[in-house]
Protein chains: 2
Amino acid sequence: MQLFLGIDGGGTGCRAAVANAAGAILGRGAAGPANIASDPAGAAANIIAAMEGALAEAGGGEIAAAGLGLAGANAAGATERLRATLPFARVTVVTDAITAVKGALGAGDGVVAALGTGSVFAVQRAGMVRQIGGRGLVLGDEASGAWIGRAMLAASLRAVDGFTVMTPLLAELVEEIGGPDGVVAFSLRARPADFAALAPRVAQSDDPAAMAVMARAEADVAEAACLLRGGDDLPLVFLGGLGTVFAARMAGRFPVQAALGTALDGALMLAREAA
Amino acid sequence: MQLFLGIDGGGTGCRAAVANAAGAILGRGAAGPANIASDPAGAAANIIAAMEGALAEAGGGEIAAAGLGLAGANAAGATERLRATLPFARVTVVTDAITAVKGALGAGDGVVAALGTGSVFAVQRAGMVRQIGGRGLVLGDEASGAWIGRAMLAASLRAVDGFTVMTPLLAELVEEIGGPDGVVAFSLRARPADFAALAPRVAQSDDPAAMAVMARAEADVAEAACLLRGGDDLPLVFLGGLGTVFAARMAGRFPVQAALGTALDGALMLAREAA
């Protein structure tokens, strides 16, 4: 029986699924991280391990084609190096962002806003995906969890300095983090995930400063969505840990849809296309 | 003869001056860095070395009182530790920002905007200094050189993504830094000084994107100046590598004055006050 392999590999883990020609998933597997830019050898090993798990669950078979969505696949030379080590005759390797878009939209046109620790936006038109954003917190990642947390801490220092009023949530954060000097010290060692850890509290709060930060985030998402929709009536799908937050906020402004499937579903789509 | 010692110690060097009771500087000295938070022992040694140089040039004498403006003096416990190691009966230790303000304004009321790699704003009223900003690039340092450089690179990626037009200077920067991926990679390793190295080109340019970044920076400086002036007709003094840029831009909006003296002059003022 001809099988199709989908791989969704990110910085924290790698998931595999094996499906038949009709699209039914026959087996699943998982393994460690698969970032092919930062650890090519480890990524290749984890891809194979996840595949073997899925194949075993499926009861064995021949991989006709594979679709891989991998973190780091946009790094120069990374996919070529990986492809040479893989035992598949037909294989398509793209970033995990692309498989997420394919999974969320299927073959249809639409816009995807992925809002987690970082943020990235993409549009699919006639099967072609164009991605914007996703530049990291220093220069971008607008409306991401990290951006929201950092914006709230910046707002707290502006309130300390007297530019704006000190709201209850700002005061609470400054107190928790050890006063203004503690906030500065935190900012110097914080990774994006550390800022993002503050985002759920900001997103759920009716504190005026939190609402102002969320309004700015929503404006940034709307700007990206408008740019990518380009005046066409394309659906908007939200992904990521903050996806539901923005989906709820923006359902009145855009035709918000639920994702059709996962990044692994997108990888399986690529595998069938590669066959 | 009774002498007064002023010390201006920063992260890159330490300057000393010895003056007589009439305020005439009789000798100067210099030594290595004097950040008393990051290297207390090295800072103390460099302060003494700079002082000895100044005293030697002055032909010797007794230090009646010392005023020290030192980087890191706002860190908890730092000034107490230093004071215990210094051989001066009367000594005042403050941050180098405070001595910069005292030097710039003398005893008069006014506002100081220090715009270099970072930014910090202060007001002096009746000899009391209140400082705002200076929180570092992650959460603040608005209108600083690092902020300007970073804003310009963020604008370059927004132009790449199609949010705004790609102006000549944005295109030039993206090309120089190795394309959009190169800009992202640069942002991940860049220190504030690396971003600030781009600022002079931005400040001098008539490129539309550069002018937009500078307009935002000017608005931030104006907001800080308005907050600190509090409706009073206080002069505004600009310090730092970008001080002349903003002084020229804002002379029509605020009563811009030249600095009366340096941070070392401010330190000598403190020494005379301590006596």
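Structural remarks
- Each of A:166, A:145, A:234 was placed along the dipole of region A:145-257 (beta-carbon charges, centred on the mean Cα), and the one lying farthest toward the positive end is A:234.
- Cβ-derived FRET efficiency at R0 30 Å, residue B:223 paired with residue A:176, nearest 0.05: 0.65
- In this structure, the amide hydrogen of residue A:91, modeled 1.01 Å from its nitrogen in the peptide plane, lies closer than 5 angstrom to those of A:66, counting only residues at least 5 positions away or on a different chain.
- Helix-only CD estimate at 222 nm, as mean residue ellipticity for chain A, using -39500 (n - 2.57) per DSSP H run (n ≥ 4): -14000 deg cm²/dmol
- Selection from B:63, B:260, B:38 lying farthest towards where the dipole of chain B points positive, charges on Cβ: B:63
- Cα centre as origin, Lys/Arg/Asp/Glu Cβ charges: chain A dipole, Debye: 560 debye
- When the inverse distances between all different Cα atoms of region A:219-275 are averaged and flipped, the Kirkwood radius reads 12.8 angstrom.
- 4 °C / 1.567 mPa s Stokes-Einstein diffusion coefficient of the protein assembly as shown, Kirkwood radius on C-alpha pairs, µm²/s: 49 µm²/s
- Taking other C-beta atoms within 10 Å as the exposure proxy, A:213, B:101 rank A:213, B:101 from fewest upward.
- Alpha-carbon radius of gyration plus Dmax, which is the widest Cα pair, for chain A in Å: 20.8, 70
- When all alpha carbon pairs of region B:155-275 are counted in 10 Å bins from zero, the resulting P(r) reads 11, 31, 28, 19, 8, 2, 0 %.
- Chain A: most fluctuating residue of A:104, A:259, A:126 per GNM, C-alpha cutoff 10 Å: A:126
- Gaussian network model of chain B, springs between alpha carbon atoms under 10 Å - residue of B:141, B:96, B:39 with greatest fluctuation: B:39
- Assigned charges on the beta-carbon of Lys, Arg, Asp, Glu; region A:169-275 dipole about Cα centre (debye): 260 debye
- Residue exposure sequence - B:12, A:79 - by fewest surrounding Cβ within 10 Å: B:12, A:79
- Projecting label points 7 angstrom from Cα along Cα→Cβ for residue B:24 and residue A:57 puts them 9.0 nm apart.
- Cα pair count fraction exceeding 15 Å, expressed as % - region A:148-222: 51 percent
- Only Lys, Arg (+1) and Asp, Glu (-1) charged, at Cβ; region A:139-231 dipole about Cα centre in debye: 220 debye
Each value in this text was obtained by applying a stated rule to the coordinates, not by laboratory testing. Keep in mind it's a predicted model, so treat the numbers as computed, not measured. Backbone-built Cβ (ideal geometry, glycine too); neighbour counts: all protein chains shown.
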